[in-house]
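The values are calculated or read from the model by the stated rules, or taken from the named source; none is laboratory data. All values reported here derive from a predicted model rather than from experimental measurement. Neighbour counts are summed over all protein chains in view; Cβ atoms, including those assigned to glycine, are modelled from backbone coordinates with ideal geometry. Heads up: the accessible areas ignore ligands, DNA and RNA and are worked out on the full protein's heavy atoms, side chains in. Shrake-Rupley method; radii C 1.70, N 1.55, O 1.52, S 1.80 Å.
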Amino acid sequence: MASREKLRLGTLLVQKNIISEAQLEEALTRQRKQNKHLGDCLVEMGLVTEENIVDVLVDQLGIPKIELNGIRIDQNVISLVSGSILRKHSVLPIAFDEDHSNTLILAMSDPMDMVAQDDIAIITNCSIEPRIATLSGINGVLDRYFGNDEAMSAAERYSKEREIQLQQTAAAEKEQQELDNAPIVLLVRNIIEQAVRQRASDIHLDALEKQIRVRYRIDGALSEKMLYDISLLPAISTRIKIMGGMDISEKRKPQDGRITITVDRMEYDIRVSILPSSYGEKIVMRLANNAAFTRSIGDLGMDEAEMATFRHIISNPNGILLVTGPTGSGKSTTLYTALSELNKESVNIITVEDPVEANIAGINQVQVNPKAELTFASALRSILRQDPDIIMIGEIRDIETASIAVQASITGHLVVSTLHTNSAAAAFTRLLDMGVESFLLADSVVGVIAQRLVRKLCPHCRRPRAATPEEKQYLGCPEDKDVTVYTPGKCHLCNDGGFFGRIGVYEMIEMTPSLRQIITNRGTTEEIKDVAISAGTRTLRKSAARYVLNGVTTIEEMLKVSFEE
C-alpha cells in the first residue's frame, strides 16, 4: 500500500509538470537504496519543495493543510505524547476537534503513515483526524515545546554516564568512551538545529565560572537560550573540534574549523572559532546557508532607484566596485548576489576569498592559504593569467592587493571587493591612505556601496506613536508635521522579540566626472561626500529614515546604523 501511494505522489508531481519522468525514476531508485519516503528523496535532490508536496497531497487525499507558523498549542494537548515519539513519527498534536471531544487533530508530514496514526491513537486513546504540514514546520514547533527539555535530557545523561565512567577502571573507561560521546553528539546537534530553526546567524558558547552559557545571535542581537554545567565543556568542545576537523588535544591556542551539516534537508556551512579564555574555551559558530547567498537583487531590500544604480554599476565591463561596511553587515551577500547576476556561460568569473563562504555553480573560487604562500596578492597575480572577465576579491587589506586590483580593472577586468570603512566616501580616502595613486583610483573605481542591516519590526505587533520634535529632526521632517513612528511589541510570531528579520540600508556612490576630479585632487572624505550627495547619493541616514517612516524599523535602529551622521 505504502509503495503504491508513493508512486501516486510521484505520478501526480509528473502530471503537474513539477518533475519529469526521468527525475521520478532517479528518485525512486534512490528511495529503494536509502529506504526513505519518496517525498524526502525528491526534496533532498532539490527537485521539489516541501510546499510542492503538501499541495499535491492536499489535492490527492482531500486532507486540509495547516499553517504552523506562530501556532500556539494548549499545554494539555502538547503533553499528551512525549516529544521523542512525536519526533520519531514527525507528527504534532494540534487540538481536540470542537465537535468531537475525543478526536485529536494531528499535523503530519506524511498523512498516509498509518503506523504513526495508530501509535498516537493508542497513546492518547483518541481517534485521529490528520492534517497536512511541512516537516520543517513540525520540527520548528517541536523545538519550541521540547527543544530545551531534549537538550537538558542529553546533558543529564552525559553527566550520569560521566559519573559511571569515573568509577570504572582505566580499561573499562576506554570501552565506554564511544558510548559516552553519544549524548554529547545529540546535545551539540540539538544546539545547532535549534539555532537554524530560530534563524540564528551565530551560536556563542561562553565558558563562565560554573556554567556554559549558550547564546544565539538572531537578527543581529544576542540572546541567552540555555545554561549547562561547566563540566560539559570539555566534551562539547571535543565534539565540535572533531566535527570541524581541528586538533582535539590543543586547548591553549585559538583554532578555526569548518562544519557542513544538513538541517531540515537544507545544507548549512558553519565556520567555527575556538578561543582559550579564563574558564575554558569560548566557541563561536557562524551559520551560513548557501541558498541565502544566491538570492536575486530584488531580495536585498533596495528600492527601484537603488536597484537601477546597482545594475548600472555592475554592467560596467571594467573597473572596481567596492562594498563597504562593518563585519556582519551583509557585504558578502551583496557581492555574491552581484556575481550570481553576472554569472553566464560566456563569462569567466574567478574569486579569491578567505574563507570561501558559499559555493556557487559556474564560478571558480580560490581559498586563501598563507601557509602555502597563497595570499590575496599572489592569488590575484595567478588569476590574471587565467583569462578572467570578472574577479572578486574577498577583502582589500593592503597596498599590494589594492595595486593589483587597480591594475586589473584598468586592463579590462571588472573587479568587485569589500573594504572596512564607515561610509562610501571614506572608501576612496582609505585607498589613498594605503598608497594608491589618486589618478589611478579616480580612473578605476566605478562605484562604492556602503551598507548596514537594520532589524525589521514584526508587522503583527508593532505599535504606532507620534514622533517627538527631536525625532522629526533626525528624520528630516518639518516640526509642524504630524509624523507616526513605530516601536516593537510582543507576540508569538516574533517569539516576543518585537522584530522579525533584517533588511539592507544602502548608500551608493556612482562615479561621475566631478567626483573623478575631486579624487584626482586628493579631496577629503567630507568633500567627496558633498559632491556625491549633490549628484544624487542618498546617505545611510536618509535610506534608514525611509524605513522608519514606512513603519519597517525603529528610530533606534536608524541611529545605530547612521551614528556617524
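Quick notes on this one:
- Straight-line cross-link reach from residue 344 at under 17 Å between alpha-carbon atoms covers these aspartates and glutamates, not counting any fewer than eight positions away in the same chain: 387, 389.
- Solvent exposure of region 1-94 amounts to 56 Å² per residue of accessible area, where only protein heavy atoms count and the probe is 1.4 Å.
- The chain: antiparallel DSSP beta bridges as a percent of all, rounded to 5: 65
- Counting only cysteine Cβ atoms and a cutoff under 4.7 Å, the chain contains unmatched residues 41, 126, 477.
- Formal net charge of residues neighbouring residue 106 (Cβ-Cβ distance under 11 Å; K, R +1; D, E -1): -3
- The aspartates and glutamates within cross-link reach of residue 16, meaning a Cα-to-Cα straight distance under 14 Å and a gap of 8 or more places when in the same chain, are 51, 55, 59.
- Packing, taken as the mean count of other beta carbons within 10 Å per residue, orders the peptides 333-346, 13-26 from highest to lowest as 333-346, 13-26.
- Protection proxy ranking of 484-490, 450-456, by the mean of other Cβ atoms within 10 Å over each peptide's residues and highest first, is 450-456, 484-490.
- Cα centre as origin, Lys/Arg/Asp/Glu Cβ charges: the chain dipole, Debye: 500
- The fraction of accessible area contributed by carbon and sulfur in the chain is 49 percent, rounded to a whole number (1.4 Å probe; ligands and nucleic acids excluded).
- Considering only 469, 520, 540, the residue lying farthest towards the positive end of the dipole of region 450-565 is 540, judged by Cα position with unit charges set on Cβ.
- Note on surface exposure: 277, 438 rank 277, 438 by accessible area, highest first, 1.4 Å probe.
- For region 447-491, GluC sites (Glu not before Pro) meeting the loop criterion (DSSP other than H, G, I, E, B) and having at most 12 other Cβ atoms within 10 Å: 479.
- Tensor-based shape of region 69-144 (alpha-carbon gyration tensor, a/c under 1.5 rounded, otherwise prolate or oblate): rounded
- Within straight-line reach of residue 472, meaning a Cα separation under 19 Å, sit the following lysines at least 8 residues removed in sequence or on another chain: 481, 542, 560.
- DSSP beta bridges in region 1-145 [antiparallel fraction, %, rounded to 5]: 40
- Rounded accessible area per residue of region 477-561, 1.4 Å, Å²: 49
- Cα centre as origin, Lys/Arg/Asp/Glu Cβ charges: region 51-96 dipole, Debye: 280
- Only protein heavy atoms count here; under a 1.4 Å probe, residue 246 has an accessible surface of about 20 Å².
- Cα centroid separation - region 42-116 against region 396-435, whole Å: 53
- Taking the helices alone, the chain has a mean residue ellipticity at 222 nm of -13500 deg cm²/dmol, built from -39,500 (n - 2.57) per DSSP H run of at least 4 residues and averaged over all its residues.
- Checking the Cα-Cα distances for 225/253; 65/241; 33/88; 88/241; 282/371; 331/529 against a 32 Å cut-off, the pairs over it are 65/241.
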